[in-house]
Amino acid sequence: MENRSRVAVLISPSAVFLVVLFLIPLGIMALYSFRAGAFGPESQVFTLDHYREFSRNATFHRLLGRSAWLSFRVSLLAILLAYPVAYFLVFRTGESRLFLLTVIIVPAWVSYLLRVLSWKVILGGNGVLASFLEWIGFQPGGPILIYSPEAVIVTLVYVWIPFVALPIFAALERIDRSLLEAAADLGCGRFEAFLRVTLPLSLPGIVAGFLFVFIPTVGEYVTPALVGGPDGIMFGNLIFSQFLRGLNWPLGSLMSLAMLVLILVPLFLVGRFVRLSDLAGI
């Protein structure tokens, strides 16, 4: 009983924080989705019209699916680029690995908006990329990637690589080096030992890194608004428009709930096949 009381005391601040700043706002948002309007007398009328509108609008479904697919590609590319970095830091840099990891994370301290704007300049018609192509003799005749889904992917991958490298780095750090020595004694080459030992043991870090990227990028709206253009718009931009431009809070709340349900799908799959204690390194 004494241990249970201690645990209750320790988790109560986090539980209160979660209830006040997450569960209650989520409940309010769910309640808003049933209202006829956000202001005036319509805010007191409850209806299912917004659910009917959302279910019949193929554009909403297509944009939500495209946003999920784009976020999946961003997550996959971030893992493919961050894994070699984390592997090099753990197995090749020795005692300086923590310092080098800090160097990789330092750019994340710069304003997110400033980093996105820098890529807008790089990918623009007069940016570094266009200037380099002109220098080597290729005449692009305008912007290369700016205002396209590819520009959104490039920018988001750059932004999230440090955050993907962290859980992979932690997973690789926990690997017992004697397992690699045993694999070598049994005749495994470096690549085979990597496939049979290192990669499977680092999967919790890979899964955690994937979720770190996928969950926030599905609802991303700042990056698509700055570098995506009309072709790079995502579902988060549509929610933003419903709340701040259209003042249609009920429909915006419903769209937010739909996006939340979509995000819960990979979380459910991870919880079904991967233990949360593995992701936390416990």
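The values are calculated or read from the model by the stated rules, or taken from the named source; none is laboratory data. Keep in mind it's a predicted model, so treat the numbers as computed, not measured. Cβ sites come from the backbone with ideal geometry, for glycine too, and all protein chains shown count toward neighbours.
So which residues in region 236-262 are modelled with pLDDT of 90 or more and of a type in the set (Gly, Ala, Ser)? Listed by number, the residues that qualify are Gly236, Ser241, Gly252, Ser253, Ser256, Ala258.
Does Arg115 qualify as being basic (Lys, Arg), closer than 30 Å to Trp249 by Cα and assigned to a helix (DSSP H, G or I)? Judged against the criteria, Arg115 is not a match.
Note on region 108-149: among residues that are among the charged types (D, E, K, R) and over 29 Å from Leu89 (Cα atoms), the one that is modelled with the highest pLDDT is Lys120. Comparison of Arg73, Arg66, Arg92 shows that the only residue that is charged (D, E, K, R) and within 14 Å of Tyr158 (Cα to Cα) is Arg73.
Just to be sure before I move on: is Leu70 in contact with a helix residue (DSSP H, G or I) (Cβ under 9 Å, 6 or more places away or on another chain) and either in a helix (DSSP H, G or I) or of a type in the set (Lys, Arg) (or both) in the structure I sent? Yes: the conditions hold for Leu70. Checking the structure you have, find out if any residue of region 36-54 is surrounded by 13 or more Cβ atoms within 10 Å (Cβ to Cβ), touching a residue at least 40 places away in the same chain (Cβ under 8 Å), of a type in the set (A, V, I, L, M, F, W, C) and assigned to a helix (DSSP H, G or I). So far as region 36-54 goes, yes, one or more of its residues are surrounded by 13 or more Cβ atoms within 10 Å (Cβ to Cβ), touching a residue at least 40 places away in the same chain (Cβ under 8 Å), of a type in the set (A, V, I, L, M, F, W, C) and assigned to a helix (DSSP H, G or I). Annotation note: Cβ proximity below 6 Å between a residue of region 206-226 that is over 26 Å from Tyr147 (Cβ atoms) and a residue that is not hydrophobic (A, V, I, L, M, F, W, C) (sequence gap 6+ or interchain) occurs for Ala208/Pro167; Gly209/Pro167; Phe210/Ser75. Within the set Leu48, Leu21, the sole residue that is within 21 Å of Leu257 (Cα to Cα) and at pLDDT below 90 turns out to be Leu21. Screening Leu247 with (1) in contact with a strand residue (DSSP E or B) (Cβ under 9 Å, 6 or more places away or on another chain); (2) not β-branched (Val, Ile, Thr); (3) not in a helix (DSSP H, G or I) gives one miss only, at (1). Do the conditions hold for Val265, that is, is it hydrophobic (A, V, I, L, M, F, W, C), more than 30 Å from Val90 (Cα to Cα) and at pLDDT below 90? For Val265, the condition - hydrophobic (A, V, I, L, M, F, W, C), more than 30 Å from Val90 (Cα to Cα) and at pLDDT below 90 - is met. For region 24-45, enumerate the residues that are closer than 23 Å to Ala258 by Cα and of a type in the set (Gly, Ala, Ser). Matches in region 24-45: Gly27, Ala30, Ser33, Ala36, Gly37, Ala38, Ser43.
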